Amino acid sequence: MVTLSYIKNKIEQINTIINSIKLNIQKAYTSIENKGISITKAKTSSNLYLVIDEMQLGENINEYYSLPTNSSKTSFCDYINKIPDIDFSTIKSFYNAFLNFSRLSSFKNNTTNNVTNFYRAFDGCSNLFEVEINTSSGTNFNRMFYDCNTLYKIGEMDFGKATNISSLFGGSKQIVIGNIGGFKNLGKSYTQNSESYSAYTLDLSRLNLNRSQAITIFNKLYDLNLSYNVATGGTLYKQKIVLNSNTIGKLTDADKNIAINKGWIVS
């Protein structure tokens with residue numbers, strides 16, 4: 001037989017559970033606020049899941065990682081969409097760093113200032129759209145953007161210490177460039193006593209550039225007369241910048257002379 005005392009005891013147990021739930025709900029709201037998140041809804045149990053649903057405590061992993069639809073893709077390189085904001089300031093080499101990251105669309109990082117070797121850093125990044133990277137210590141840029149066929153935006157790159165830019169944009173397909181910041185001080189570290197030296201040649205024949213973009217590149221080139229100390233009797237060893245016929249056709253003689261007067265051969 002159920003007695004009144006039994007019923008009261010059960011009610012007290014239920015109230016204890018309810019009070020515990022209420023306390024935990026308040027603790028949850030307090031914890032959320034302690035993380036610096038503003039709560040605009042009433043702090044009720046029915047609103048708690050809505051508040052949690054709206055919270056943005058971290059970034060969406062799907063922006064960085066996704067499974068490929070092609071089952072033949074088995075390398076983790078095929079899963080990466082985006083590189084997190086990583087501090088690379090202690091890294092000296094980007095040798096093959098993102099080789100064949102076929103889904104990578106963007107790379108923006110200014111902490112690569114101590115990297116000297118960019119050999120094949122983005123080789124095979126077939127979906128790479130934009131790059132902004134600190135190259136101020138870089139010397140080797142061989143095949144850095146090989147087969148990066150979707151490149152559209154390239155921020156200014158400091159090439160003042162560059163000594164190898166062979167096949168920088170190598171590959172077989174033409175690339176339509178929307179914005180390019182140029183290669184600042186390219187040629188400043190050139191010392192090889194050989195004209196049209198292959199490692200010094202800036203081959204942009206794969207890039208479809210407009211006149212303004214080509215002029216930007218010319219303006220950023222270093223004066224090779226200074227590199228080879230021509231004013232004090234040194235011999236000028238001219239180096240080449242290679243453009244495709246479509247780009248060449250957009251340039252005036254005055255445009256080309258910007259580079260030519262700095263000791264560069266425009267071809």
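The values are calculated or read from the model by the stated rules, or taken from the named source; none is laboratory data. The model shown is predicted, which means the values in this text are computed figures rather than measured ones. Every residue, glycine as well, gets a Cβ built from its backbone with ideal geometry; the counts of neighbours run over all protein chains shown. Keep in mind that these areas ignore ligands, DNA and RNA; they rest on the heavy atoms of the full protein, side chains included. Shrake-Rupley method; radii C 1.70, N 1.55, O 1.52, S 1.80 Å.
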Looking only at the stretch 140-158, count how many residues are surrounded by fewer than 18 Cβ atoms within 10 Å (Cβ to Cβ) and of a type in the set (Val, Ile, Thr).
1
Would you call Glu63 at pLDDT 70 or above and under 30 Å from Phe101 (Cα atoms)?
yes
So which of Phe169, Phe98 ends up being of a type in the set (A, V, I, L, M, F, W, C) and modelled with pLDDT under 95?
Phe98
Please state which one of Arg103, Arg120, Arg143 is more than 17 Å from Leu202 (Cβ to Cβ) and modelled with pLDDT of 95 or more.
Arg120
Being open to solvent by 50 Å² or more (accessible area, probe 1.4 Å) and of a type in the set (Phe, Trp, Tyr) is the filter here, so list the residues in the stretch 88-118 that pass it.
Tyr95
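Within the group Lys184, Lys161, which residue is open to solvent by 60 Å² or more (accessible area, probe 1.4 Å), closer than 15 Å to Asn117 by Cβ and touching a residue at least 12 places away in the same chain (Cβ under 8 Å)? Let's see the steps before the verdict.
On the way: Lys184 fails: closer than 15 Å to Asn117 by Cβ.
Going through Lys184, Lys161 in turn, the sole match is Lys161.
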Checked the stretch 125-165 for anything in a strand (DSSP E or B) and not polar (S, T, N, Q); matches are Glu130, Val131, Glu132, Ile133, Lys153, Ile154, Met157, Asp158
Considering only the stretch 201-214, state which residues are closer than 13 Å to Lys256 by Cα, open to solvent by less than 40 Å² (accessible area, probe 1.4 Å) and in contact with a helix residue (DSSP H, G or I) (Cβ under 7 Å, 6 or more places away or on another chain).
Ala214
